[in-house]
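Contents: one structure, followed by commentary.
The values are calculated or read from the model by the stated rules, or taken from the named source; none is laboratory data. Please read all numbers here as calculations on a predicted model, not as lab measurements. Cβ: placed from backbone, ideal geometry, glycine included. Neighbour counts: every protein chain shown. The accessibility values were calculated without ligands, DNA or RNA, using every heavy atom of the protein model including side chains. Shrake-Rupley method; radii C 1.70, N 1.55, O 1.52, S 1.80 Å.
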Amino acid sequence: MMRAPKLRRIAGNAGFALSLFVLVSPAILVFLWMLSLSLKNDADNTAFPPIFIPDPPTLDNFRDVFAKNNFLLYFWNSILVTGGAVLVGLLVGVPAGYGIARAKSAKFAFLILIARITPALSYLIPLFLVFQLIGLNGTITALLVTHLVITVPIIVWVMIGYFENVPMELEDAALVDGASPWQGFRHIALPLARPGIIVGAILSFIFSWNNFIFSVVLGGKTTRTLPSAIYNVLTFEQISWGPLAAAALLVTLPVLLLTVVAQRQIVAGLSAGGLKDG
Amino acid sequence: MAGPSPAMTRRGVKDVGASPPTRPTTRYDFSRKYWLFAVPAVVAILAVIVFPWLFTLYMSTQDWKIGGGSAFIGWSNYAILFQDERFLEAVGRTFWFTALAVVLPVMLGVAAAVMFHREFPFRGILRSIFTMPMMATPVAVALVWTMMFHPQLGVLNYLLSLVGIPPQAWVYDPSTVIPTLVMIEVWQWTPLVMLIVLGGLASLPREPYESAIIDGANAWHLFRHITLPLVWPYVMIAVMLRTIDALKVFDNIFVITQGGPGTASETMNIFLYLQAFQFYKLGYASALVVVFFIIIVVLSLLLLYARQRSKWNA
């Protein structure tokens, strides 16, 4: 009597584990292959059948990336553009999220939604012409301003969700006691919504860091961000796989680390704050 | 900081009496001032989002010559666009790509969400790993995929040969390029669907399950008749976001095929990029953006409508 259900449960668990394995392994295998390519020399990378485990692993590809390219310059460009766009996005977007949440203004929220829908290229054509007109094409400033298209909507959207969950009673009390709306925001709502600020900053950082097309169009030879630099410079100057994989890994490493370290915040932002109600 | 109790009583007073006797409540004045908080963001949005929009509309009526003037040509750009066979093919291709790149990740993502909703060892770590593809820099990943697709030296064809499947041309053949690009899309974006639906699953009530189990329902019945209807609004959000993103797909295709071989993977967005920044037909490209945007908005509204309906019915 006891046997059959127990056996079925074991079989069920095994099936579950197997389907979980099938589901998750492609996600990790692509990155492991990226790592493997980056740690092998050219002969091993083009061997067939492929060599999976680097033996012995070499760091030559990484040395190559730094020695033969301006990798550090592109890295710095990415930091400036993404860091700047996230900072400005927070300065502008956090108060906006608060105002929209408190005023319950659907119109602003809708505007943000439209920004999410619009193809990036539709910002690029006009901004490209304007930047050309005022001589900003190919500058970090132009890229930073354009990246606001990414960071501001994400941060506003996430913050609306968080401020809506900050109870209004506390601020009401302060307002009635003579505080200004700004003080209510600054001293009551803002500290309570700090987790939301972190979520908004992380998400907007990732999407700005990963952005490719803005830098393809607006970036100059020395002002490119990493994604377009790796595409333009490395792909054409080096056909060999090792350095390319090493560079790809370096580009995406900050984001992958964030994904693992800040998993909880990202999940919260994407599933709750970032997408609002059901 | 003011304690909670005065707040409660004051609100109580305000809620009960329409005209408070002692001190008139000024809360509504404040509520009108809240829009001031949004002013900097509105300025930023006007500058980098609304202004480009209006400018695009204007430009779509112009014959724009790079570096030298423009002339008003009315609807001509649109008229040319709708007779441009390459554009019309790109539209059809984009819809085909989008249909696949929505349906497959949504189905897989719902399944993944149901799995990750269960308790099991290492769930947090496995979920982190599972979400890595959508967070990783698309260009970096696309370059690795390109190496994996290599017809002779690529690891994918080797893996297929291990299970006896003949080598594939992947992105190097017009007939397999779209399914291959969809495969990357599935790999990359199934996690987003999973996270959205997982959020929905976490908010489900327990009672219907308990009574259904008492009534002898099996796991499939529970999923089909309780979980799926309850979580359907979340699935529709996923469908909508996926549709918007799949229509706009750019990075993967641009890096891996640039729209090739030939024009076999040239979607609307790739076509748009080529017109704008390869051929510098900026007026024409602006008309294209307007049409592209209208397509996206109409589809989103349809899906939004479907979602509202599913909410009312639920």
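From the alpha carbon centroid of region A:25-54 to that of region B:225-298 is 32 Å.
Surface calculation, 1.4 Å probe, protein heavy atoms: B:L100 sits at approximately 40 Å² accessible.
For chain A, just say rounded, prolate or oblate: build the C-alpha gyration tensor, square-root its eigenvalues into a ≥ b ≥ c, call rounded for a/c under 1.5, and beyond that prolate if a/b exceeds b/c, oblate if not. Taking the square roots of the gyration eigenvalues as a ≥ b ≥ c, chain A is oblate. Looking at the square roots a ≥ b ≥ c of the eigenvalues of the Cα gyration tensor of the protein assembly as shown, which shape do they give, rounded for a/c under 1.5, prolate if a/b is larger than b/c, or oblate? It comes out oblate by the Cα gyration axes. Taking amide H as placed 1.01 Å from N in the peptide plane, the amide H of B:Q62 sits under 5 Å from that of B:I73, each at least 5 places away or on another chain. Bridgeable aspartates and glutamates around B:K33 (alpha carbons under 18 Å apart, same-chain partners fewer than 8 residues away excluded): A:E164, A:E169, A:E171, A:D172, A:D177. Cβ-Cβ distance of A:S19 and B:D173, R₀ of 30 Å, FRET efficiency by 1/(1 + (r/R0)^6): the value works out to about 0.45. Shielding value for A:168-181 is 6, the average number of Cβ atoms from other chains within 10 Å of each residue's Cβ.
On a full-extension model of 0.36 nm per residue, what is the gain between A:Q132 and A:L35, subtracting their alpha-carbon distance, rounded to one decimal in nm?
30.9 nm
The residues B:E207, B:E266, B:E89, sorted by heavy-atom accessible surface at 1.4 Å with ligands and nucleic acids left out, run B:E207, B:E89, B:E266 from largest to smallest. Only Lys, Arg, Asp and Glu carry charge here, each on its Cβ (+1 for the first two, -1 for the last two); on that basis the protein assembly as shown has a dipole of about 1440 debye about its Cα centre. Its relative contact order, with pairs defined as Cα atoms under 8 Å and 6+ residues apart, puts chain A at 28 percent.
Have a look at B:A264, B:F87, A:I155 and report the one farthest towards the positive end of the charge dipole of the protein assembly as shown, computed about the Cα centre with Cβ charges (Lys/Arg +1, Asp/Glu -1). Checked the options; the winner is A:I155.
Here the peptides B:245-252, B:41-48, A:8-15 are ranked by packing, the mean other Cβ count within 10 Å, and the order with the highest first is B:245-252, B:41-48, A:8-15.
From the helices alone, meaning DSSP H stretches of at least four residues, give me the mean residue ellipticity at 222 nm for chain A, per-run term -39500 (n - 2.57), in deg cm²/dmol to the nearest 500.
Rounded to the nearest 500, the figure is -23000 deg cm²/dmol.
A simple packing score, the average count of other Cβ atoms within 10 Å per residue, orders the peptides A:111-122, A:25-36, A:215-226, B:219-230 as A:215-226, A:111-122, A:25-36, B:219-230, with the highest score first.
Given +1 at the Cβ of Lys and Arg, -1 at the Cβ of Asp and Glu and no other charges, the dipole of chain B around its Cα centre is 1300 debye to the nearest 20.
Region A:67-88 and region B:155-211 have Cα centres lying 32 Å from one another. For chain B, the relative contact order works out to 27 percent when only alpha carbon pairs closer than 8 Å and six or more residues apart are counted. Loop-resident trypsin sites (Lys or Arg not before Pro) (DSSP state other than H, G, I, E or B) in region B:72-138 with no more than 12 further Cβ atoms inside 10 Å of their Cβ: B:R118.
By a 1.4 Å probe calculation restricted to protein chains, A:D42 has an accessible surface near 80 Å², given to the nearest 10. FRET efficiency for the pair B:A99 and B:K33, taken as 1/(1 + (r/R0)^6) with r the Cβ-Cβ distance and R0 = 51 Å, rounds to 0.60. Amide H to amide H distances under 5 Å link A:G219 with no residue, where only residues 5 or more positions off or on other chains count and H is placed in the peptide plane. In terms of distances greater than 23 angstrom between alpha carbons, the cross-link table entries A:K107/B:K281; A:K40/A:K68; A:K40/A:K221 yield A:K107/B:K281; A:K40/A:K221. A 1.4 Å probe over all protein chains sorts A:S228, A:S180 by accessible area into A:S180, A:S228, starting with the largest. Comparing mean-square fluctuations of B:P261, B:P191, B:P208 from a GNM of chain B with C-alpha springs under 10 Å, the top value falls on B:P208. Tell me, what is the FRET efficiency for B:F72 and B:V298 to the nearest 0.05, using R0 = 35 angstrom and their Cβ-Cβ distance as r? So, using R0 = 35 Å, E works out to roughly 0.80.
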